[in-house]
């Protein structure tokens, strides 16, 4: 009944180090598709360059990180969870409600003002 | 009063995050989080860093998120 409010979420996925940039982009598109299907809006996709892991995860010492930021209501989360969980090349992922972590938005307004 | 040498740690005067509200407490900002870890990768106590309890709690979650994602170690060596 009640409409759930659209919130800002952040998902970070750690992909297998051997993935090509192209394949990573395909995965990013898949995520975007899921967000769109639920009338959400993908705010940003940030593909980091390959990074050494602090400790091995699924026997890998390096990995490709992708940070997605999107808005939408929470009903899209199970679907997103599904595609990341059953993606063999996704070593680990984390989905976060940005609003619950005030530290993550600290200073964003301030930097805009000073510009 | 100036911060004094007391016991083994120099007491930091105020919380870094209260003084600089623009500093993010984000699991992605690993360089900053690292300043609150010992060289073995353990979280430093508040009495060592001077962080206030509110920000220490936020820091703890951020560090744990970063550890989960393999951005920070649980332990070193």
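Values in this text are rule-based calculations from the coordinates and carry no lab data. Predicted model, so just to flag it, every value in this text is computed and none were measured. Heads up, the Cβs are rebuilt from the backbone with ideal geometry, glycines too, and the neighbour counts pull from every protein chain shown.
Averaged over the residues of peptide A:99-106, the number of Cβ atoms from other protein chains lying within 10 Å of each residue's Cβ is 6. Counting, for every residue in B:40-52, the Cβ atoms of other protein chains within 10 Å of its Cβ and taking the mean gives 0.
Shielding of peptide A:50-59 by partners, expressed as the average count of other chain Cβ atoms within 10 Å per residue Cβ, is 3.
Applying 1/(1 + (r/R0)^6) with R0 = 25 Å to the Cβ-Cβ distance of residue B:64 and residue A:86 gives a FRET efficiency near 0.50. Would you please classify the overall shape of the protein assembly as shown from the alpha carbon gyration tensor, given that a ≥ b ≥ c denote the square roots of the eigenvalues, rounded means a/c under 1.5, and beyond that prolate means a/b larger than b/c while oblate covers the rest? Judged from the Cα gyration tensor, the protein assembly as shown comes out oblate (a/c at least 1.5, b/c at or above a/b). Given R₀ = 41 Å, what would the calculated FRET efficiency be for residue B:46 paired with residue A:94, taking r from the Cβ atoms and rounding to 0.05? My answer for the efficiency is 0.95. If you wrap chain A in the convex hull of its Cα atoms and look at it from every side, the mean projected area works out to 8.9 nm². Over chain A, DSSP H runs of length four or greater, each weighted -39,500 (n - 2.57), average out per residue to a 222 nm ellipticity of -8500 deg cm²/dmol.
The order of A:22, A:62, going from fewest to most other C-beta atoms within 10 Å of their C-beta, is A:22, A:62.
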